[in-house]
Amino acid sequence: MKRVSIFGATGSIGQNTIDLISRDPESYDVVALSGGKNVSQLADDARKLGADVAVTSEPALLPELRERLSGSGVEAAAGPEALVEAARRPADWVMSAIVGAAGLPPGLAALEQGATLALANKESMVCAGPLVMQTAEANGGRVLPVDSEHSAVFQALIGEDLAAVERVIITASGGAFRDWPLENLAEATPEQAATHPNWDMGQRITIDSASMFNKALEVIETKEFFQIDPALIEVLVHPESMIHALVGFRDGALMAHVGPPDMRHAIGFALHHPERQALPVERLDLVKLGKFTFREACDARWPALRLAREVMQTGGLSGAVFNAAKEHALDAFIDRRIGFPAMAEVVEQTINRVSAESGLIAAGITLDNVQAADHLARVTADAIIKKRH
Ligand code: NDP
Ligand code: MG
């Protein structure tokens, strides 16, 4: 039996992971499940899967979680420290699917106990890529990508020599506003931004797809995951979302990963790696699809892509600042305190101010420093947002 834990179990990736393991309950021993506000879903899944412990990130919801789990034999816990404690419980395979920088500490704790970390939480790589990779290496753990583009690149690289890679292209649907006139973006609402043309995902990543902050995070994730020179990483808009990434080699070959927009492929690949097992994913009818199209991803529409390149150039803790500023600006957009195009402006101003006023950017990438940079970026972004009014 494979011992598995799922962090962010109540979310979109978490529920898809549960869907896969529930199809074969004999093969899995569920150690820990975590959620946030949705303790009803968390308790139901923890009962159904017979988890050892269920953790909500919200301490105020612990009594409700306890109540819902009473008589089940599942332990209840709450708060960020309880998440880390749960991640320290021995497991073979741990899904990291919390949204945001909050996913980093439990992911590191899972790697410290030598688990294989299936990483959907791209924020971990953006904030602390070198720390994540070193923690895995030092403890005999392993990180496997779950983000569809990175799973695609990983699969295209199997058996290949990284030195022969000439370019890595990750694709983007372009999100909800791909075809909107630029001048209309200032009026875009959170509800409009949270509608994705192809993928069914959590609210935050869906809005990040419209702004391309999601792709910006993924470009940085690509650099950190595969140790690829940023100059070799490209983004292409591919409205059909069927080709997730392409890897170009020096002999001119371009290996594309093609599949329907269903995260259960990438989750299942990471769950069964190095084997390939059958997955309940639609088989594409290529004749019916007829064609795949591509467009350039322009910086004028999606300034987040330019910011990602600047962050990679600066290095250090600039990724943590970038991510936290983005998370804070996204909160402000969801709360209707700023407009859609203002998110990128706030992030850029935050990076500039933090870089100018603090030596923190150049500090070492430790968990403490990442959390300090994260905090400083949120405070700075907040001040910038308040000043706009
Ligand atoms: P969701 O918003 O659907 O789910 C997020 C999960 O994290 C939920 O379980 C939520 O709990 C929990 N959570 C929220 N805030 C906190 C917090 N502060 N501390 C601990 N737990 C918290 O997100 P997705 O599943 O869409 O995304 C999860 C991660 O996977 C993100 O990093 C995203 O970028 C990445 N990803 C997602 C893809 C997708 O298809 N959805 C594709 C590729 C990557 P609750 O809901 O109970 O409040
Ligand atoms: Mg992705």
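Tabulate in residue order the Karplus-calculated ³J(HN,Hα) for segment 315-321, using 6.51 cos²θ - 1.76 cosθ + 1.60 with θ = phi - 60°, rounded to whole Hz; enter x for Gly and Pro.
Result, rounded to whole Hz: x, x, 8, 5, x, 5, 5.
Averaged over every viewing direction, what's the projected area of the C-alpha convex hull for the chain? Give it in nm², one decimal, please. Intermediate values should be presented prior to the final figure.
On the way: hull surface 76.7 nm².
The number I arrive at for the chain is 19.2 nm².
Dipole size in debye (nearest 20) for the chain around its Cα centre, Lys and Arg Cβ +1, Asp and Glu Cβ -1?
Numbers: 35 positive and 51 negative charges, 72 e Å.
The dipole of the chain has a size of about 340 debye.
Taking H as built 1.01 Å from N, whose amide H comes closer than 5 Å to the amide H of residue 28, not counting residues under 5 places away?
Sorted by chain and number, the residues that satisfy this are 2.
So which trypsin sites (Lys or Arg not before Pro) in segment 107-213 pass both tests, a DSSP loop state and at most 16 other Cβ atoms within 10 Å of the Cβ?
Numbers: sites: 122, 142, 167, 178, 204; in loops: 178.
Here no trypsin sites (Lys or Arg not before Pro) fit, given the DSSP loop and packing criteria.
Return the equivalent ellipsoid semi-axes of segment 80-215 as a descending list in whole Å, where each equals the square root of 5 times an eigenvalue of the C-alpha gyration tensor. The partial results should precede the final answer.
On the way: eigenvalues 192, 85, 24 Å².
So the three semi-axes of segment 80-215 are 31, 21, 11 Å.
Relative contact order, percent, of segment 315-388 when contacts are C-alpha pairs under 8 Å separated by at least 6 residues? Can you show the working numbers first?
On the way: 85 pairs, mean separation 35.6, N = 74.
Worked out over segment 315-388, it gives 48 percent.
With θ taken as phi - 60° and the coefficients 6.51, -1.76 and 1.60, list the Karplus ³J(HN,Hα) couplings across segment 72-82 in order, rounded to whole Hz; mark glycine and proline as x.
For segment 72-82, the Karplus curve yields 8, x, 8, 6, 10, 8, 8, x, x, 5, 5 Hz.
Using the Kirkwood radius over C-alpha pairs as Rh, can you work out the diffusion coefficient of segment 315-388 via Stokes-Einstein at 25 °C, viscosity 0.890 mPa s, in µm² per second?
Values: Rh = 11.9 Å.
Once the numbers are plugged in, D ends up at 205 µm²/s.
Taking neighbour Cβ counts within 10 Å as the exposure measure, how do 347, 287, 237 sort from fewest upward?
287, 237, 347
Taking the inverse of the average 1/r across all pairs of different Cα atoms in segment 2-145, what Kirkwood radius in Å do you get?
One over the average 1/r among Cα pairs gives 14.6 Å for segment 2-145.
Fewest to most neighbouring Cβ within 10 Å: what's the order for 154, 226? Don't skip to the end; give the middle numbers.
Working: 154 22, 226 19.
Taking fewest neighbouring Cβ atoms as first place, the list is 226, 154.
Too long at a 26 Å Cα-Cα cut-off: which of 223/291; 48/215; 2/223; 2/48; 291/326? Don't skip to the end; give the middle numbers.
Numbers: 223/291 30 Å; 48/215 35 Å; 2/223 30 Å; 2/48 17 Å; 291/326 35 Å.
Going by Cα-Cα distance, 223/291; 48/215; 2/223; 291/326 fall outside the 26 Å limit.
Using helices alone, what [θ] at 222 nm do you get for the chain, with -39,500 (n - 2.57) per DSSP H run of 4 or more residues, divided over all residues and rounded to the nearest 500?
Values: 16 runs with 181 residues, N = 389.
Calculated from helices alone, the mean residue ellipticity at 222 nm is -14000 deg cm²/dmol.
Put one equal scatterer on each alpha carbon of segment 183-305, apply the Debye formula with no solvent term, and list log10 I(q)/I(0) at q = 0.21, 0.22 1/Å to two decimals.
-1.55, -1.59
Could you tell me what percent of the DSSP beta bridges with both partners in the chain are antiparallel, to the nearest 5?
Details: 12 of 41 bridges.
Here the share of antiparallel DSSP bridges comes out near 30 percent.
Which whole-angstrom value gives the distance between the alpha carbon centres of segment 279-358 and segment 64-105?
Taking the Cα centre of segment 64-105 as reference, the centre of segment 279-358 is 29 Å away.
Could you derive backbone 3J(HN,Hα) for segment 338-346 from the dihedral phi with the Karplus parameters 6.51, -1.76 and 1.60 (θ = phi - 60°), listing whole Hz in sequence and x where the residue is Gly or Pro?
Result, rounded to whole Hz: 9, x, 4, x, 5, 4, 5, 5, 5.
Under 5 Å between amide H atoms, partner at least 5 residues away or on a different chain: which partners does residue 166 have, H built in plane at 1.01 Å?
Close amide H contacts, sequence-distant or interchain: 248, 249, 250.
Enumerate the amide H contacts of residue 142 below 5 Å, restricted to partners 5 or more residues apart or on another chain; note that Pro and chain-start residues carry no placed amide H.
Under 5 Å from the amide H of residue 142: 116, 117.
Throughout, read-outs are computed from the coordinates displayed, never taken from laboratory work. Quick caveat: nothing in here was measured; it's all calculated off a predicted structure. Quick reminder, even Gly has a Cβ in these numbers, built from the backbone with ideal geometry, and neighbours come from all protein chains shown.
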